[in-house]
Amino acid sequence: MAILEIKKYPEKILKQKTAPVGDIDAKTQQLIDDMIETMNTVRGIGLAANQVGVSRRLCVIDVSTRENNVPLIVLINPAIIEKDGMIEADEGCLSIPGFMYTIKRPEQVFVKGVNREGKDIEIEAAGLLARVLQHEIDHLEGLLFIDRLSPIRREFFKRRYKKSLKDAAAEE
Ligand code: CO
């Protein structure tokens, strides 16, 4: 297994819609293992393939550190079938470290996809898992959580982000 480099905003691959996964071959299995290892190492609760430089419709989710009874999820070619309700919660992203914003999203989702064995899976989720599912599926569409901010708040983010990069460079 290997720890993969996580792509950071504003790298282009994060803005591109990913392509569906075809055969779940040995290379894909290796990618899944490496993504799980990488997510665990940085204590993330979700990671999309394009965040590690592979533009394929695949993500891994592990909210077990925050919510019991939810096993690790490997989700290939996911689609949101139904959404219900609306709720605000704080969100962050491994590709935009150090920034958190309150984002409004549907409260419950019904998602279909395929697991790493190629078997069809259905997930009915609320709470944190519903949020992470939507955040990761957004990634696979080339969307970041900051794209869900109002235009004004997004401009503020961009300015603060640029400044944070400059400050970090100055410290080196
Ligand atoms: Co993210």
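Couplings for the range 69-85, taken from phi via the Karplus curve 6.51 cos²θ - 1.76 cosθ + 1.60 with θ = phi - 60°, read 6, 10, x, 4, 10, 10, 10, 10, 6, x, 9, 8, 8, 9, 9, 8, x Hz in order; Gly and Pro are left as x.
In the chain, the DSSP-assigned H stretches of four residues or longer account for a calculated mean residue ellipticity at 222 nm of -10000 deg cm²/dmol, using -39500 (n - 2.57) per stretch and the full residue count as denominator. Entry for the chain at q = 0.15 Å⁻¹: log10 I(q)/I(0) = -0.85, Debye formula applied to identical alpha-carbon scatterers, no solvent contribution. Here the range 12-171 exposes an accessible surface that is 50 percent carbon and sulfur, computed with a 1.4 Å probe and the other protein chains kept in place. Entry comment: accessible area of the range 12-171 is 55 Å² per residue, from protein heavy atoms only and a probe of 1.4 Å. For K83, the lysines whose Cα falls under 18 Å of its own Cα, not counting residues fewer than eight places away in the same chain, are K104, K112.
Ranking A168, M35, F110 by how far each Cα lies toward the positive end of the dipole of the chain (charges on Cβ) leaves A168 at the top. Across the range 147-163, computed HN-Hα scalar couplings (Karplus, 6.51 cos²θ - 1.76 cosθ + 1.60, θ = phi - 60°) run 5, 9, 7, 5, x, 5, 5, 5, 4, 4, 4, 4, 5, 5, 5, 4, 5 Hz from first to last residue, x flagging Gly and Pro.
The values are calculated or read from the model by the stated rules, or taken from the named source; none is laboratory data. Keep in mind it's a predicted model, so treat the numbers as computed, not measured. Here Cβ is always computed from backbone atoms with ideal geometry, including for glycine, and neighbour counts include all displayed protein chains. To get the accessible areas, we keep the full protein, side chains included, count just its heavy atoms, and leave off ligands, DNA and RNA. Shrake-Rupley method; radii C 1.70, N 1.55, O 1.52, S 1.80 Å.
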